Amino acid sequence: MDYNGKTVAITGAASGIGYATAQAAAQQGARIVALDRDVGALETMRVEFAGKGWAITPVEVDIGSEASIRVAVEQGMASVERVDLLVNSAGIVSRGMFETTTGDEWQRVLSINLSGSFFCLQQMVPLLRAGRGRAVVNVASLAAKRVSYTGGVSYTAAKAGMLGLTRHAAFELAHEGIRVNAVCPGPVLTAMTQRVISEEEQRQVAAMVPLGDWLSPQDVAASILFLGSPAARMITGTTLDIDGGLSLVTGASFESYRNARQ
Ligand SMILES: NC(=O)c1ccc[n+]([C@@H]2O[C@H](COP(=O)([O-])OP(=O)(O)OC[C@H]3O[C@@H](n4cnc5c(N)ncnc54)[C@H](O)[C@@H]3O)[C@@H](O)[C@H]2O)c1
């Protein structure tokens with residue numbers, strides 16, 4: 001894939017999947033617009049990218065606030081003339097149980113993990129229109145189709161909503177040649193998962209994955225950049241599962257499945 005001369009805007013760019021996508025796109029020649037609320041991590045990233053000769057525009061934003069997104073797009077991105085690919089990766093996880101999930105927790109997760117992607121896409125449509133790439137990739141989750149292991153009900157609901165947002169935006173923007181797709185990663189080892197999943201749990205999760213491992217952020221970045229590239233020019237409104245085969249699992253372990261056939 002060749003991102004030479006393209007501008008790639010990424011939310012949640014300072015860590016995990018967003019960061020890996022920024023690195024991979026920059027390696028292929030893209031200019032990166034890195035949107036995140038973590039100003040310290042953005043500065044570290046700016047210094048690292050500049051040291052490698054990669055073009056980067058760091059932009060502070062709270063994706064959970066429509067007003068903050070507006071300021072980020074109008075002021076933080078004032079020097080950005082166009083966006084060829086927008087990647088909505090910013091997200092948080094909340095682990096509460098269904099009955100004890102508070103209204104505040106529910107709203108916070110929904111506002112960052114779902115509404116933020118809506119407002120970013122809505123406000124960047126003019127920049128996408130000005131670009132040649134005309135692609136958007138929303139980072140949903142396998143939880144969008146099943147139940148989140150890492151997060152609670154708010155996380156599952158927000159990610160399911162992300163697929164609806166993807167389909168509807170894809171339909172409305174297709175006549176302008178703007179493609180909108182989603183990726184549904186299974187378990188990815190990032191700060192998000194390392195914060196809440198113990199090493200023992202990490203081993204158990206890897207054992208559940210048919211391909212036997214956690215995904216790396218780079219695994220997800222490769223699929224995002226494929227969907228954002230001309231190679232995917234006729235793909236829109238769809239979701240790509242990147243899960244090491246986890247969605248194939250029936251609930252029974254492979255051992256019991258095999259033993260039942262011997
Ligand atoms: N890690 C996984 O197993 C996994 C699996 C499926 C989907 N995802 C999704 O992938 C995306 C990236 O997750 P990750 O694992 O890379 O997590 P991460 O914690 O490593 O990175 C998330 C980034 O988003 C930023 N962010 C969070 N809230 C923000 C806000 N309000 N405004 C601006 N920036 C904000 C953080 O500062 C951080 O840089 C998320 O949407 C997550 O739900 C992750």
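Per the helix-only calculation at 222 nm, which mean residue ellipticity applies to the chain, given -39500 (n - 2.57) for every DSSP H run of n ≥ 4 and division by its residues, nearest 500 deg cm²/dmol? Please list the in-between numbers first.
On the way: 10 runs with 108 residues, N = 262.
Result for the chain: -12500 deg cm²/dmol, rounded to the nearest 500.
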Quick one: which residues, 5+ away or cross-chain, put their amide H under 5 Å from the amide H of Val87? H built at 1.01 Å from N. Ala9, Ile10, Thr11, Val137
Placed amide H near Ile56: partners under 5 Å, 5+ positions off or other chain: Ile32
Helix 16-27: inclination vs the chain longest Cα principal axis, degrees, rounded to 10, gives 50
Residue-wise, which Karplus ³J(HN,Hα) couplings in Hz belong to the stretch 251-262, taking 6.51 cos²θ - 1.76 cosθ + 1.60, θ = phi - 60°, and x for glycine or proline? x, 7, 6, 4, 4, 5, 4, 6, 4, 5, 10, 9
Can you list the HN-Hα couplings for the stretch 136-141, worked out from phi with the Karplus curve (6.51, -1.76, 1.60; θ = phi - 60°), rounded to whole Hz and with x for Gly and Pro? 10, 10, 9, 8, 8, 5
For the stretch 90-100, Karplus-derived ³J(HN,Hα) couplings (6.51, -1.76, 1.60; θ = phi - 60°; whole Hz; x for glycine and proline) come out as 4, x, 10, 10, 9, 9, x, 7, 3, 6, 9
What are the aspartates and glutamates whose alpha-carbon lies under 19 Å from the alpha-carbon of Lys6, with same-chain residues fewer than 8 places away excluded? Glu81, Asp84, Glu176
Packing-based exposure ordering (other Cβ within 10 Å, fewest first) of Ser141, Ser15, Ser79: Ser79, Ser15, Ser141
Lys and Arg at +1, Asp and Glu at -1: neighbours of Ile235 with Cβ under 15 Å from its Cβ sum to +3
The set of residues whose placed amide H lies less than 5 Å from the amide H of Ile242, leaving out same-chain residues fewer than 5 positions away, is Cys184, Gly186
Mind checking which of Phe119, Phe98, Phe49 has the largest fluctuation in a GNM of the chain, springs on alpha carbons under 10 Å? Phe98
Roughly how many debye, to the nearest 20, is the charge dipole of the chain about its Cα centre, given +1 on each Lys and Arg Cβ, -1 on each Asp and Glu Cβ, and no other charges? 700
Relative to the chain, whose Cα atoms define the longest principal axis, helix 199-208 and its Cα axis are tilted in degrees, nearest 10, by 80
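None of the figures in this text is laboratory data; all of them are computed from the coordinates on show. All figures in this text were calculated on a predicted structure; none of them were measured in a lab. Cβ: placed from backbone, ideal geometry, glycine included. Neighbour counts: every protein chain shown.
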